[in-house]
Amino acid sequence: MPRQAEPERPAKIRVNHLAKIKQSGGKIAALTAYDYLAAQILDRAGIDVILVGDSLANVVLGYPTTVPVTMEEMLHHAKAVARGVVRALTVADMPFLSYQTGLDDAVRNAGRFLKEGGVEAVKVEGAGAVLAVIERLVETGIPVMGHLGYTPQSVHRFGSNIVQAKTAARAGELLNDAIALEGAGAFAVVLECVPAEVARPITERLTIPTIGIGAGPHCDGQILVLHDALGLTPRSPRLAKRYLELGEMISTAAASYIRDVREGAFPAPEHCYEMPEDELRALGEESGERKGR
Ligand code: KIV
């Protein structure tokens, strides 16, 4: 079926715009970012949503999973991203144990992302007990994005089972969880690593947008980890398209720089600062006098 013409995007994307994009048949483009400069580049390129993902843990901080990343680490990066963004909707991931330990903790920590971090919404993983967290945050005035399917903070529960909802029964449960998330007030839901045939009916059933990562083409939007999309990570999962091989480009550039420094080819005259002629003469005379002393 031919796709409808892309709807016009507002000058500033707010949470309510995402549902409007869905209603008008548009697609939401989202990427992660963890620093000011990348956020600024993505924002200027026209990205709709920038997520300060807790994938920060893996791709920037070198942790093996997203479990160890702290509120302070997430906030530090959320602030940098928020400073670089004018147009996109900015969302920050609530790190593991920042919302599972009680509703008051959840409000305090989510509130810090808005008050100190400068982002506009938070993302939490899962359903079940997390539904009460979403309700409480939304009541408090904090917009919440949900995250279902493979939820990386539960890595130790999932083990090596990455693709979720592969049975009809589990697909039904996932649909119910997504409906519950919408009922709790989430403004969008990330679906990670689920078959396209499962993401499609969820997307059709919900009025809030689904944002897929490894969830096929029928979701209302797509998100990728920036470092995968740019080819900065040495390997990326099957779900990611690598738009560049930036890691290789950086490595080639670094090798050229090292060679230039070692061979004296850098810095060249155009990289050096000059003294005014008369000062240069005076410097020569002064050093001549010094030598003659
Ligand atoms: O942390 C993250 O980058 C995410 C996206 C993959 C959705 O949660």
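Taking residue 167, is it in the same structural domain as residue 113 (by TED's automatic domain parsing), farther than 26 Å from residue 38 by Cα and in contact with a helix residue (DSSP H, G or I) (Cβ under 9 Å, 6 or more places away or on another chain)?
no
Can you name every one of the helices (runs of 4 or more DSSP H) wholly within segment 218-293 that holds 3 or more residues which are open to solvent by 90 Å² or more (accessible area, probe 1.4 Å)?
246-263, 277-292
Would you pick out the residues in segment 213-241 that are more than 15 Å from the ligand (Cβ to nearest atom) and more than 14 Å from residue 203 (Cβ to Cβ)?
Answer for segment 213-241, where residues must be more than 15 Å from the ligand (Cβ to nearest atom) and more than 14 Å from residue 203 (Cβ to Cβ): 231, 234, 235.
Could you give me the residue pairs with C-beta distances under 8 Å whose first residue belongs to segment 156-184 and is among the β-branched types (Val, Ile, Thr), whose second residue is not in a loop (DSSP other than H, G, I, E, B) wherever it lies, and which are 6+ apart or on separate chains?
179/205
Filter the helices (runs of 4 or more DSSP H) completely within segment 1-90 down to those with at least 3 residues that are within 15 Å of the ligand (Cβ to nearest atom) and not aromatic (Phe, Trp, Tyr).
Of the helices (runs of 4 or more DSSP H) lying wholly inside segment 1-90, those with at least 3 residues that are within 15 Å of the ligand (Cβ to nearest atom) and not aromatic (Phe, Trp, Tyr) span 36-45, 56-59, 71-84.
Quick one: count up the residues across segment 131-178 that are open to solvent by less than 20 Å² (accessible area, probe 1.4 Å) and out of contact with any Ser or Thr (no Cβ under 8 Å at 6 or more places or on another chain).
Residues flagged as open to solvent by less than 20 Å² (accessible area, probe 1.4 Å) and out of contact with any Ser or Thr (no Cβ under 8 Å at 6 or more places or on another chain) within segment 131-178 amount to 13.
Would you confirm whether any residue within segment 132-144 is within 14 Å of the ligand (Cβ to nearest atom) and in contact with a Leu (Cβ under 9 Å, 6 or more places away or on another chain)?
Looking through segment 132-144, at least one residue is within 14 Å of the ligand (Cβ to nearest atom) and in contact with a Leu (Cβ under 9 Å, 6 or more places away or on another chain).
Hey, among 81, 85, 107, which residue is open to solvent by 10 Å² or more (accessible area, probe 1.4 Å), β-branched (Val, Ile, Thr) and under 24 Å from residue 13 (Cβ atoms)?
85
Report whether or not residue 35 is under 22 Å from residue 213 (Cα atoms), assigned by TED's automatic domain parsing to the domain that holds residue 229 and open to solvent by 60 Å² or more (accessible area, probe 1.4 Å).
Yes.
Limited to segment 91-127, what total is found for residues that are in contact with a Leu (Cβ under 8 Å, 6 or more places away or on another chain), more than 16 Å from the ligand (Cβ to nearest atom) and either closer than 14 Å to residue 54 by Cβ or part of a helix (DSSP H, G or I) (or both)?
Of the residues in segment 91-127, 3 are in contact with a Leu (Cβ under 8 Å, 6 or more places away or on another chain), more than 16 Å from the ligand (Cβ to nearest atom) and either closer than 14 Å to residue 54 by Cβ or part of a helix (DSSP H, G or I) (or both).
Being of a type in the set (Val, Ile, Thr), surrounded by 17 or more Cβ atoms within 10 Å (Cβ to Cβ) and assigned to a helix (DSSP H, G or I) narrows it down to one residue among 198, 194, 189; which is it?
So the residue among 198, 194, 189 that is of a type in the set (Val, Ile, Thr), surrounded by 17 or more Cβ atoms within 10 Å (Cβ to Cβ) and assigned to a helix (DSSP H, G or I) is 198.
Give segment 146-200 a look and list any residue that's of a type in the set (Gly, Ala, Ser), within 19 Å of residue 223 (Cα to Cα) and within 16 Å of the ligand (Cβ to nearest atom), or say none.
146, 149, 178, 186, 188, 199
Could you go through segment 165-181 and let me know if any residue there is touching a Lys or Arg at 6+ places or on another chain (Cβ under 7 Å), outside any loop (DSSP other than H, G, I, E, B) and within 27 Å of residue 61 (Cα to Cα).
So far as segment 165-181 goes, no, none of its residues is touching a Lys or Arg at 6+ places or on another chain (Cβ under 7 Å), outside any loop (DSSP other than H, G, I, E, B) and within 27 Å of residue 61 (Cα to Cα).
The values are calculated or read from the model by the stated rules, or taken from the named source; none is laboratory data. What you are looking at is a predicted structure, and each value in this text was computed from that prediction instead of being measured. Note that each Cβ is placed from the backbone with ideal geometry, even for glycine, and that neighbours are counted across all protein chains shown. Surface accessibility is based on the protein's heavy atoms, side chains included, excluding ligands, DNA and RNA. Shrake-Rupley method; radii C 1.70, N 1.55, O 1.52, S 1.80 Å.
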